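Participant: Can you read through this structure? Questions will come right after.
Values quoted throughout were computed directly from the atomic coordinates according to the rules given, and no laboratory measurement underlies them. The structure displayed is predicted, hence computed values, not measured ones.
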Amino acid sequence: MKSGLKMKPLYDEQVCSFLHYLIKKTTPFVILGVVYYIWLRMTHLYIPCIFRSITGYRCPCCGTTTMCVSILRFRFGDAFYANPFIFTTIPFILFEIVYNVYLSYTEKRMPLWNKALLGVYCSALLIFAIIRDFM
């Protein structure tokens, strides 16, 4: 039984080209992350949060370094405890990274729906920080 659908191969030229572009754009950040992780493991010196040092309050991203180190050690409970909001929204963050690289690759502008979504995300992150610090 034949279907009327004609499927393109999954790994065509455009997909391979985009994956190459994605790797090229994200590799420097991955390398910096690996170097920072090695430095943390060797020295146990974390970069302090400037916002917390000045105000005494945790910023929305406080605990992210601890969260990342905990994830790399497969301690997901500790990772969640370090920053529950960022931990639970990792899939969204990864989607946004890939999507923004895609927009750059195709030289397209960010659509309004994505700007609104990022606004909602940032607002939720700010609300999380306020609740975490004052409750």
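Participant: Convert each backbone phi in the stretch 97-107 into a coupling constant with the Karplus relation 6.51 cos²θ - 1.76 cosθ + 1.60 (shift: θ = phi - 60°), then list the ³J(HN,Hα) values in order as whole Hz, x for Gly and Pro.
Facilitator: Once θ is set to phi - 60°, the couplings for the stretch 97-107 become 4, 5, 5, 5, 5, 4, 4, 5, 4, 8, 6 Hz.
Participant: Could you grab the relative contact order for the chain? Cα pairs under 8 Å, six or more apart, rounded to a whole percent.
Facilitator: Value for the chain: 22 percent.
Participant: From the backbone phi of the stretch 56-64, what are the Karplus-calculated ³J(HN,Hα) couplings (6.51 cos²θ - 1.76 cosθ + 1.60, θ = phi - 60°) in whole Hz, Gly and Pro given as x?
Facilitator: Coupling constants for the stretch 56-64: x, 9, 7, 7, x, 9, 4, x, 5 Hz.
Participant: Using θ = phi - 60° and the Karplus curve 6.51 cos²θ - 1.76 cosθ + 1.60, what whole-Hz ³J(HN,Hα) does each residue of the stretch 109-114 get, with Gly and Pro shown as x?
Facilitator: Whole-Hz 3J(HN,Hα) from phi for the stretch 109-114: 7, 5, x, 4, 4, 6.
Participant: Please list the three semi-axes, largest first and in whole Å, of the ellipsoid equivalent to the chain, using sqrt of 5 times the eigenvalues of its alpha carbon gyration tensor.
Facilitator: That gives 35, 21, 15 Å for the three semi-axes.
Participant: Before rounding to the nearest 500, sum -39500 (n - 2.57) across all DSSP H runs of length at least 4 in the chain and divide by the residue total; then give [θ] at 222 nm in deg cm²/dmol.
Facilitator: -23500 deg cm²/dmol
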